[in-house]
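The values are calculated or read from the model by the stated rules, or taken from the named source; none is laboratory data. Everything numeric in this text was worked out from a predicted model, so none of it was measured. Ideal geometry is used to build each Cβ from the backbone, glycine not excepted, and the neighbour counts take in all protein chains shown.
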Amino acid sequence: MEPLVLFILVVVVALGFDFTNGFHDTANAMATSIATGALKPKVAVTLSAILNLVGAFLSVEVALTVTNAVVKIQDSSGAPDPALLTDGGSGLLLIVLAGLAGGIVWNLLTWLLGLPSSSSHALFGGLIGATIAGLGFAGVNWAGDGSKLDGVLGKVILPGLMSPVVAGVVAAIGTWLVFRIIGRLLGPATERGFRIGQIGSASLVSLAHGTNDAQKTMGVITLALIAAGFWNDTESVPLWVKLACALAISLGTYLGGWRIIRTVGKGLVEISTPQGMAAEASSAAVILASSHLGFALSTTHVATGSILGSGVGRPGATVRWRVAARMLIAWCITLPAAALVGALMWGIGHLIGGMAGGIAVVLVLLAFAVFMFWRSRRSAVGAHNVNDKWDDTPARPQPANV
């Protein structure tokens, strides 16, 4: 009975993480289109939600990376390691639950601050921290089996370091070429053409986001299924898991993470439509390629790297490096900070023990979430003020959506 209750708690909290992932990362696809006026805010988040839903069913490579390449709980057949199942899998499920809680806490905190940090790295950080606390450093699959670059290093950290650089360089070159070619021809007619192009490129980013970020929660739930002894196939994901995760991330995307959309769309660069199209196209290319290869990269890193690259590539553009520096700091501390929270959550659950420990972790998480939401109402950001002029001061407090 206890493992079943813990498994249900894991599924509920995992879908909660997927939901926060959705509204935390809406900016990755739609911030530039909203900032340039190519799409109205509500239309943008609706379109992004639909395409995230579709994208979630196009691939499972990233989900399998999360299931197999982060935590060592399986034997060679894919079944749970018998040595870890002396309590029926409750200990492993508590690790997954605590890791998810660590990811959600960091997502909510950075959303409140309007910082586009990585939901992916928050999730992996939480899982790594909880695993180290529960199983020791040997419980983390740091580098695979040694025959190839795999595990956390090859599938998470290296792509996380390289992807924003690659996306930024591609966006910078693309933006420079666009302005070099059109020269002084940028007028109302050209502007309309680029806005139409932005709609297409932003849609592609949303589709790509579904193929990458929605997969991560699928992988976590499949990991929990393995830990509970309900699943041992390392090459597939149950259909109900795909559907539940796709719906959760789409709902979060539809609500729109307006604070982060504002930072990405207005805080980094005063972006024009050619820049927006170049940034979105480069983001989509990098994310889709990574999804195909099973790299669980940060779509946030890719999108913000592309936007910065578009600012560097446009002659005379102003890049707010101070805002970019704040983002970089958040990027650097996301994984270790989420790992610390994951370890603390595991400590709370382990101290109380069993099913009661899992329930205690969920209650602590709920209390934090309610506080974050209450605190956000003091300076609300929504569709009505997301495009206000950026002046390094909080947006005017008005009632708004998430």
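A few points about this structure:
- All positions within the range 323-342 that are more than 10 Å from GLY125 (Cβ to Cβ), in contact with a helix residue (DSSP H, G or I) (Cβ under 9 Å, 6 or more places away or on another chain) and among the aliphatic types (A, V, I, L, M): VAL323, ALA324, MET327, ALA330
- Members of the range 340-382 that are among the β-branched types (Val, Ile, Thr) and assigned to a helix (DSSP H, G or I): VAL341, ILE348, ILE352, ILE359, VAL361, VAL362, VAL364, VAL370
- The range 313-347, residues that are among the hydrophobic types (A, V, I, L, M, F, W, C), farther than 20 Å from THR110 by Cα and surrounded by fewer than 17 Cβ atoms within 10 Å (Cβ to Cβ): ALA317
- Within the range 287-298, residues that are under 16 Å from ALA56 (Cβ atoms) and of a type outside the set (Gly, Ala, Ser) sit with their Cβ atoms under 8 Å from residues that are buried (at least 24 other Cβ atoms within 10 Å of the Cβ) and at pLDDT below 80, at 6+ positions apart or across chains, in these pairs: ILE287/LEU297.
- Within the range 249-268, the set of residues being within 13 Å of the chain's Cα centre (by Cα) and part of a helix (DSSP H, G or I) comprises ILE249, SER250, GLY252, THR253, ILE260.
- Count of the range 256-268 residues which are closer than 22 Å to GLY197 by Cβ and surrounded by fewer than 24 Cβ atoms within 10 Å (Cβ to Cβ): 1
Here is a yes/no grid of residues against (1) at pLDDT below 90; (2) farther than 24 Å from ASN28 by Cα; (3) assigned to a helix (DSSP H, G or I); (4) not polar (S, T, N, Q):
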| site | (1), (2), (3), (4) |
| --- | --- |
| SER120 | yes, no, yes, no |
| LEU127 | no, no, yes, yes |
| ALA130 | no, yes, yes, yes |
| ALA133 | no, yes, yes, yes |
| GLY146 | yes, yes, no, yes |
| VAL152 | yes, no, yes, yes |
| MET162 | yes, no, yes, yes |
| VAL166 | yes, no, yes, yes |
| THR175 | yes, no, yes, no |
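- Of all residues in the range 333-340, one or more are closer than 30 Å to ILE271 by Cα, of a type in the set (A, V, I, L, M), in contact with a Gly (Cβ under 9 Å, 6 or more places away or on another chain) and in contact (Cβ under 8 Å) with a residue 40 or more places away in the chain.
- Checking each residue of the range 194-208 against the condition of being more than 30 Å from LYS389 (Cβ to Cβ), in a helix (DSSP H, G or I) and either in contact (Cβ under 8 Å) with a residue 12 or more places away in the chain or in contact with an Asp or Glu (Cβ under 9 Å, 6 or more places away or on another chain) (or both) gives at least one match.
- The range 232-246 residues that are part of a helix (DSSP H, G or I), paired with ones that are not hydrophobic (A, V, I, L, M, F, W, C) (beta carbon under 7 Å, 6 or more apart): VAL241/THR222; CYS245/ASP18; CYS245/THR217
- Residue within the range 211-228 that is modelled with pLDDT under 90, in a loop (DSSP other than H, G, I, E, B) and among the polar types (S, T, N, Q) present: no
- Residues within the range 269-304 that are under 18 Å from GLN198 (Cβ atoms) and part of a helix (DSSP H, G or I), tallied: 20
- Residues of the range 19-40 that are over 23 Å from LYS216 (Cβ atoms), buried (at least 24 other Cβ atoms within 10 Å of the Cβ) and of a type outside the set (Gly, Ala, Ser): THR32, ILE34.
- Of all residues in the range 300-334 being of a type in the set (A, V, I, L, M) and closer than 18 Å to LEU177 by Cα, the one that is farthest from the chain's Cα centre (by Cα): ALA317
- For the range 54-75, filtered to residues that are in contact with a Leu (Cβ under 8 Å, 6 or more places away or on another chain) and either crowded, with 23+ Cβ neighbours inside 10 Å or without any contact (Cβ under 8 Å) to a residue 40 or more places away in the chain (or both), the residue that is farthest from MET277 (Cα to Cα) is ILE73.
- Contact annotation: residue pairs with Cβ atoms under 6 Å, 6 or more positions apart or on different chains, pairing a residue in the range 146-157 that is within 22 Å of PRO336 (Cβ to Cβ) and of a type in the set (Gly, Ala, Ser) with a partner that is at pLDDT 80 or above and surrounded by 11 or more Cβ atoms within 10 Å (Cβ to Cβ), are GLY151/ASN141; GLY151/TRP142.
- Residue in the range 265-272 that is basic (Lys, Arg) and within 22 Å of SER119 (Cβ to Cβ) present: yes
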